[in-house]
Amino acid sequence: MHSERDFIRQIQQQARRARPDIQLGIGDDAAVLIPADGRHLVAMSDALVEDVHFRRRYVPAEAIGHKALAVNLSDCAAMGATPRFGLVSLALPPDAQFMAEGILAGLLALADQVNVALVGGDTSASRHGLFIDVCLIGDVPPGRAVRRSGARAGDVVFVSGSLGAAAAALQAFERQRPLPDPDARNRLLFPEPRLALGQYLAEQRLATAMLDLSDGLSLDLARLCEASRVGVSLDALALPIATAAYTVADHPEAARQLALDGGEDYELLFTVPPERADTVAALSEAPAVGGVRLTRIGNITQDLELKLCFAGETQPLPIRGYDHFAGPGDITRETADNGV
Ligand SMILES: Nc1ncnc2c1ncn2[C@@H]1O[C@H](COP(=O)(O)OP(=O)(O)O)[C@@H](O)[C@H]1O
Ligand SMILES: Cc1ncc(C[n+]2csc(CCOP(=O)(O)OP(=O)(O)O)c2C)c(N)n1
Ligand SMILES: [Mg+2]
């Protein structure tokens, strides 16, 4: 590849898909898209920034492209929506220009899997670090988007998959230690958005509130509770802690901390009315939800407290997830909290 123009032409060729919902794709000043009849649009964007979200030292180009789209698909899943169109903005420093093709390949491979069409974006030079932002547009039947604010006292809290594997892999990479297992590496570098689960819960009206776990269960659960104006009693012993978290942690309590605060799990956290909880529990690992495990991890309470329960003993839930504005030492601070 020789110039910005060559790269854009390459994107145009590789992303070209004949679809009835695209009147005009990449190549003009904007794309012209046709919304599906009777559905509402959902729109979101999420960026990955070098040395904040990834390091070039251990994250391959394909993973950067995959993850930039995956984190947006995860937000889309958390709304119960179907993703349709993506736009990607990429800023590359001179010594990373060779990665452009790999980033695009990783992004397009996932886009194909989930039937998302790449319809635009922007390409820029960068003086300081690699940056990628994806904007995703999807749709949902009117009134079916699942918000963070619908949890009610008595609802049962569920989480998909397992927690702490991505944080365990991050810790291993950062400390230049052997990786706990190849699965943990994939959980950090190639997260799999829980689209089938999110859409199923929305379609069947099973979830009263839902969000995806990016910043750590403790912080994201606190956000759900705040939006719903409720509290929660979280069962520490029920948490589906990934085996990788035990492998990298020095003791079981440190593994639990990776699961509670580590972040980047990209699992779905959702609440279910008590009378539907058995129905949801029975869906664990079912094809309808994409084969993902579903675990009950607590109950929504009327009071606004966030509690962590260990077999009868209760303490306030410490909120230690990821905050971008926690100061320049945030990653280091995470070092202190999570042992990264
Ligand atoms: N710079 C911004 N401009 C406009 N809206 C923003 C900005 N940053 C975040 N938001 C909005 O704030 C809400 C919460 O954002 P965030 O915590 O990043 O959500 P998530 O963890 O789901 O990605 C979202 O609705 C998001 O669109
Ligand atoms: C080099 C490096 N340091 C730290 C992390 C950990 N980390 C970075 S951002 C983040 C939180 C999730 O990202 P964010 O941009 O907050 O996603 P959003 O909440 O907007 O979906 C975590 C745990 C990492 N992946 N790589
Ligand atoms: Mg965040």
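The values are calculated or read from the model by the stated rules, or taken from the named source; none is laboratory data. Keep in mind that what you see is a predicted model, and the values were worked out from it rather than measured. All Cβ positions, glycine included, derive from the backbone under ideal geometry; neighbour counts span all protein chains shown. Keep in mind that these areas ignore ligands, DNA and RNA; they rest on the heavy atoms of the full protein, side chains included. Shrake-Rupley method; radii C 1.70, N 1.55, O 1.52, S 1.80 Å.
The table that follows gives values for the structure above.
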read-out: Odd one out for residue 58, checked against (1) touching a Phe, Trp or Tyr at 6+ places or on another chain (Cβ under 6 Å); (2) open to solvent by 60 Å² or more (accessible area, probe 1.4 Å); value: (2)
read-out: Residue match in segment 230-250 (condition: outside any loop (DSSP other than H, G, I, E, B), open to solvent by 40 Å² or more (accessible area, probe 1.4 Å) and under 23 Å from residue 76 (Cα atoms)); value: no
read-out: Yes/no for residue 167 being in contact (Cβ under 8 Å) with a residue 40 or more places away in the chain and within 16 Å of ligand 3 (Cβ to nearest atom); value: yes
read-out: Odd one out for residue 100 among (1) assigned to a loop (DSSP other than H, G, I, E, B); (2) out of contact with any His (no Cβ under 7 Å at 6 or more places or on another chain); value: (1)
read-out: Residue that is of a type outside the set (Val, Ile, Thr), surrounded by fewer than 18 Cβ atoms within 10 Å (Cβ to Cβ) and within 16 Å of ligand 3 (Cβ to nearest atom), where the choices are 30, 47, 18, 70; value: 47
read-out: Residue within segment 258-275 that is surrounded by fewer than 18 Cβ atoms within 10 Å (Cβ to Cβ), within 26 Å of residue 153 (Cα to Cα) and without any contact (Cβ under 8 Å) to a residue 24 or more places away in the chain present; value: yes
read-out: From 42, 88, residue being open to solvent by 10 Å² or more (accessible area, probe 1.4 Å), farther than 30 Å from residue 182 by Cα, in contact with a Gly (Cβ under 9 Å, 6 or more places away or on another chain) and assigned to a strand (DSSP E or B); value: 42
read-out: Residue match in segment 101-108 (condition: in contact with a Ser or Thr (Cβ under 9 Å, 6 or more places away or on another chain), within 19 Å of residue 133 (Cβ to Cβ) and surrounded by fewer than 24 Cβ atoms within 10 Å (Cβ to Cβ)); value: no
